[in-house]
Amino acid sequence: MERSEAAARASEDGAGTESVPDSASGLLDGLPKQRGAVSVPAPVPAVLPVAGAAPEAGPGIRPWRLFPTPTGTPFTFGYAAVLAVTSLVTEYADPSLVHALLQGSSTDVAHLVRTPVLVLPASALWIAGGVASPYVLGFLLVMTALERRIGGLRAAGVFLLGHVLATLATEVPVGLAVLAGHLPDTSLHRLDYGISFGVAAATGALAGLLPPWLRWPLLGLYGGMLVQDLLAFADPMTEWGHLMALAIGVATWPTVRRWYRARTPGAATAG
C-alpha cells in the first residue's frame, strides 16, 4: 500500500517532465556506470591565446631568407663581408696599390704557372666591375639559396669547383695559343679575376634543386644572356668560361641532389 502511494506521488511530481526512456528502467540510484546509462562527454575547454605569445608562422613567403644571415648561411654571409671589404679597397685605395693587388691575384697564365695555389683562391676575393656588377646580386641570392639547401661547405665546394675548372679551361688555351704563335706574349699577363665563374656554377647547381617550372626558365634566361654576351665578342674567353661554369654546375645535379636529400630527410627533388 505504501509503495503504491509512493509511486502515485512520484508520478504526480514528475508530471510535465520528460519521461525516462525504457532503457533506463530497472537502474539503481547512486550506482554509476550501470547498464544502459548514457555518458555525456565533458565539454572541451576553449584554448585561449596566451598574452604575449607569438602567433605561429604561416607558410607564406619570408623575403629575408633570400639574403645571407650570420647564423642561417654563415659561409655566404662571411664571403659577402670579405667582398665588401675588397670592394671598398678598390674604390678608395691608391690606384697603384689596387693595380698591384689585382695583378698579384690574377689567374693569368703567367701566375698560374708560378703560383696556382695562391692565385686561384685569391682571384675570387675581388669583384670585376665593383659593387655595380650584376654578379653581386646574383652571388647573394644564388649562394644563399644553395647554402640553405646543401650547407656551407658543400656550397663553397660547388663555387670553387666552377671557379677553378672554368679558369683553367679558359687560360690553358691562351697559353697554348701563345706557344703556337697565334697570340702575343702579352696575353700571358691578361688580367683575370672575379666571382662570376663561381656564381655561374652555383646557379647551374641550384637549378637542379628547384621545381621544373622554375628550373628551366632560370637556365633559359641565364644561359641565353651568356650566349648573347658571347655573340657580342667583347671578351670571348670570359664568356666561354661563364658557359663552361654553368655546365659544370648542371653536371653536379646528381651530387647536390643527394646532399640535399641527406640534409633534409623526406625531401624530394623534382626530376
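The values are calculated or read from the model by the stated rules, or taken from the named source; none is laboratory data. Model, not experiment: these values are computed from the prediction. So basically every Cβ, Gly included, is an ideal-geometry build from the backbone, and we count neighbours across all protein chains shown. The accessibility values were calculated without ligands, DNA or RNA, using every heavy atom of the protein model including side chains. Shrake-Rupley method; radii C 1.70, N 1.55, O 1.52, S 1.80 Å.
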Among the candidates ALA124, ALA80, residue that is closer than 29 Å to LEU218 by Cα, among the aliphatic types (A, V, I, L, M), modelled with pLDDT of 95 or more and touching a Leu at 6+ places or on another chain (Cβ under 7 Å) = ALA80
So which residues in the range 90-110 are in contact with a Gly (Cβ under 8 Å, 6 or more places away or on another chain) and free of Cβ contacts under 8 Å to residues at least 60 places away in the same chain, if there are any at all?
-> THR90, GLU91
Among the residues of the range 204-223, count how many are open to solvent by less than 10 Å² (accessible area, probe 1.4 Å) and of a type outside the set (Lys, Arg).
-> 4
Kindly indicate the residue of the range 187-203 that is assigned to a loop (DSSP other than H, G, I, E, B) and open to solvent by 40 Å² or more (accessible area, probe 1.4 Å) and also modelled with the highest pLDDT among those meeting that condition.
-> TYR193
State which residue is least open to solvent (accessible area, probe 1.4 Å) when the search covers only the range 69-81 and only residues that are in contact (Cβ under 8 Å) with a residue 60 or more places away in the chain and over 14 Å from ILE195 (Cβ atoms).
-> THR73
Under 8 Å between Cβ atoms, at least 6 apart or on separate chains: pull out the pairs that start in the range 195-213 with a residue that is closer than 12 Å to LEU146 by Cβ and end on any residue that is of a type in the set (A, V, I, L, M, F, W, C) and at pLDDT below 95.
-> LEU210/ALA270
